[in-house]
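Note sheet for the following structure.
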């Protein structure tokens, strides 16, 4: 497929599907061969979909979900497949292609229907949506420190949402949270049986879309101010640092990074 800029409902990548289902736009991450690992074009496509929905009078809100048992695992650190890698992920990290702040500032409601594994940038998409409705099969993880990335976005937003103690637990240990734990911690609003996810997410999006738009925007702005800013300069500097380079190499080679003490290294990726 020839690369081209987004036009109409095309999001610039074959790995995102944009469908109009009544008053809703539904964007589905659809890259099962790579477990929905996100290319730079996929990140930008989500961002574009928010603005595209906001500007369309025929659409009331946006639903984001994934295929199979994966919502989104974050960026593709293992390399592209030649179809959608118009930019390497490493170079893209220094560009403002991610949709997180766009989601936080969307005019129309955005609901994430988290159907499975959710971590890295995928978890940020869920957290920055207006609501996340979660399958009871979903799991959550923040592995950025294992990749050598000082993710100050997570450090800022998670501390606001779940507090500093639980943020340290998630970020310093890279532990996996179940859907029930994520709800108990206040990371997600609703957990439903997996087979009920689509219907429940639509019900939540319908309810959000019935609220007064301008008044909702004022409330959204207040919440956004509470979440606050993050250290962009420090985070950007970490992308080009020795630890990030080592983290990328170790991930690709499916081993522990060299900074891990020899007695603590494990087989496979951390």
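Residues of the range 104-136 that are assigned to a loop (DSSP other than H, G, I, E, B) and in contact with a strand residue (DSSP E or B) (Cβ under 9 Å, 6 or more places away or on another chain): 106, 108, 109, 115, 116, 120, 129, 130, 136. Restricting attention to the range 5-40, the residues that are outside any strand (DSSP E or B) and either touching a helix residue (DSSP H, G or I) at 6+ places or on another chain (Cβ under 8 Å) or at negative phi (or both) total 20.
For residue 155, are the conditions met, namely being touching a strand residue (DSSP E or B) at 6+ places or on another chain (Cβ under 7 Å), under 18 Å from residue 129 (Cα atoms) and surrounded by 13 or more Cβ atoms within 10 Å (Cβ to Cβ)? Answer is no for this residue. Can you say whether residue 7 is over 21 Å from residue 129 (Cα atoms) and modelled with pLDDT under 95, as far as the supplied structure shows? Criteria met by residue 7.
Among the residues of the range 165-187, the ones that are free of Cβ contacts under 8 Å to residues at least 60 places away in the same chain and under 22 Å from residue 147 (Cβ atoms) come to 12 in all. Here the condition is being under 22 Å from residue 122 (Cα atoms) and without any contact (Cβ under 8 Å) to a residue 12 or more places away in the chain; of 195, 144, 253, it holds for 195 alone.
Looking at residue 61, is it at pLDDT below 95 and either within 28 Å of residue 248 (Cβ to Cβ) or in contact with a strand residue (DSSP E or B) (Cβ under 8 Å, 6 or more places away or on another chain) (or both)? Taking the combined requirement at face value, the residue does not satisfy it.
In the range 189-233, of all residues being assigned to a loop (DSSP other than H, G, I, E, B) and modelled with pLDDT of 95 or more, the one that is farthest from residue 138 (Cα to Cα) corresponds to 212.
The values are calculated or read from the model by the stated rules, or taken from the named source; none is laboratory data. Small disclaimer: the values here were computed from a predicted structure and weren't measured. As a convention, Cβ positions derive from the backbone with ideal geometry for all residues, glycine included, and neighbour counts pool all protein chains shown.
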